[in-house]
Amino acid sequence: MSAHPDDPVPVRRPTAEEVADRVLQAALGTTDLLAIYLGDRLGFYQSLATHGPTSAGDLAERTQTHPRYVREWLEQQAITGFVEVTGPEPTPQGERRFALSDAAREVFTDTQSLSYLAPLARTFAASMQQLPGILEAYRRGGGVSWSQLGPDARESQADLNRPWFTHALPAALAGVPSLDSTLRRPGARVADIGCGAGWSTLALAAAYPGATIHGYDVDAPSVALAQANLARASLPTADPAGAAGPTDPTTHPVAPAGDRVQFAVADAAGLPADTYDVVFAFECIHDLSEPVTVLSAARQSLRACGSVIVMDEAVAPTFAPPGDDVERLMYGYSLLVCLPDGMSRTPSEATGTVMRPETLRRYAQRAGLSRFEVLEDAGFGLWRFYRLFP
Ligand SMILES: C[S@@+](CC[C@H](N)C(=O)[O-])C[C@H]1O[C@@H](n2cnc3c(N)ncnc32)[C@H](O)[C@@H]1O
C-alpha cells in the first residue's frame, strides 16, 4: 500500500546499538572534558604553551606535580588528539616529548580568543563536586546556590564570556543605533546587574567613554574579581566634548577608570530609583529566583526614556525535540547549574537556563515593562538580546 501525501512523516526510532553508541560517545566526551579540567587547573596547558615541546618529567617539575600522573595525562591527551608527540628523538632521559598545536594552544590558553573553551570544563567539574546536593534537591526541592558551586563555576562563567564581551559586544551594540546613541550621550548612566567578574561592565566602559557604569552582584567573590579586573584595566578617559562612541583604546588617552566604573555587592532588587538610562542584565535573568522583582526594580531605576537590555541564551523559540547543540548544551547547564541555583532560594520562579522568549515576555509584563522587543540579530552569536521599556 502506498503512503498518502497527508500521512505524517514516520519517525525513525534509533536502534539499541545507536543509543548505546550515543552513550559511549558521551563517556568519551566526559573523559575529555575532565582531562581538560585537570590540564587547565594544574597549569599543564599553560606550561606547554609557554615552553614548547616538553617531557612528562619537565612538565611535572614546572607545574609541581607528580611525573607519573603527568605522563598518563600527556599520553591521554595525545591519544585523544589534543597534544602532539614531537620528533622521533628522545630526550637524554629517553622520555617522549609532547607539544600543543597552535589551534590547541588557542582553545586551551588564549584567554582573549573567541575559541577559548578550556573554562567550559570547570562548569561541569563544579557541578560534579556538588552532585550529592543536586541529588538531594532533585528528591526534595531546594537547590545548590551559585556560591556553593564555588570558584570553578564563577571563574568558568567569567572566563568563557570575557572574549565575547571584550571583542564582540561593542560592535553588537553599535548595530542597535537607538541604544548606541543613548550610551554615547555624555553623562549616560548605566547599570550592569548580575555583573559577575565585571567583563561586560569593563567592555561597556571601554566602548562608551562618556558613560558612568555601576556593576552589581550579590556574590561577594565575583565583585572582588570585578574590582581586581577594574584595577588592572586601562580605559579611555571621558570625552569632555561629548561621547564620541565606541573608542579605539590604542588611539585614545587612557586613565584609571575608578571614577567611571564602580562595583558593589548588592542585590539587584535594591537598585536606586530614577538613576539609569540603560540597565543591562547579561546572562543572569534565568538564574534569578525572583526575576520579576529584579526586573521591577530595574524598571523603577530607569530615568525618562530608559530601557532594560537582557542578554540571554538564543534557545529555540519553543520546545521542539529533538533539539540542536545549543538546546542540548543549555539543558545540560540547566540540569546541573542554573536550575539548582535558581531553586536554592525561595520563593523561586525556577526558570532554568532554557528561558524562551515568551517566558521573559511574561516576566517583563508582570514587572511593568510592557513594551517588549527581541532585538534584530546584530552579531549576537549564541545570545538573544531583548529590549524592555516601561
Ligand atoms: C550566570 S552569572 C552571569 C555573570 C555575568 N553577567 C556574565 O555574563 O558572565 C549570574 C550572576 O548573577 C548574580 N546574581 C544572582 N542573583 C542576583 C541578584 N538578585 N542581584 C544581583 N546579582 C545576582 C550571580 O551572583 C552571578 O554572578
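Taken together, the values in this text are just the output of simple stated rules run on the coordinates, not laboratory data. Note that the structure is predicted; figures quoted are calculated from it, not measured. Positions of Cβ are generated from backbone atoms using ideal geometry, with glycine treated the same way; all protein chains shown enter the neighbour counts.
One table, with the values for the structure above:
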| read-out | value |
| --- | --- |
| Charge dipole (debye, nearest 20) of the chain; +1 at Cβ of Lys and Arg, -1 at Cβ of Asp and Glu | 860 |
| Length-normalised contact order for the stretch 135-389 - Cα pairs under 8 Å, 6+ apart - percent | 20 |
| Shape of the stretch 16-112, Cα gyration tensor, a/c cut at 1.5 | prolate |
| The chain - mean residue ellipticity at 222 nm from DSSP helices (-39,500 (n - 2.57) per run, n ≥ 4, rounded to 500) | -13500 deg cm²/dmol |
| Gyration tensor (alpha-carbon) shape descriptor, the chain, a/c threshold 1.5 | oblate |
| Rounded if a/c under 1.5, otherwise prolate or oblate - the stretch 317-390, Cα gyration tensor axes | oblate |
| Where chymotrypsin sites (Phe, Trp or Tyr not before Pro) fall in DSSP loop in the stretch 283-390, at most 11 other Cβ within 10 Å | Phe319 |
| Tilt relative to the chain, helix 146-167 - C-alpha long axis, 0 to 90 degrees, to 10 | 80 |
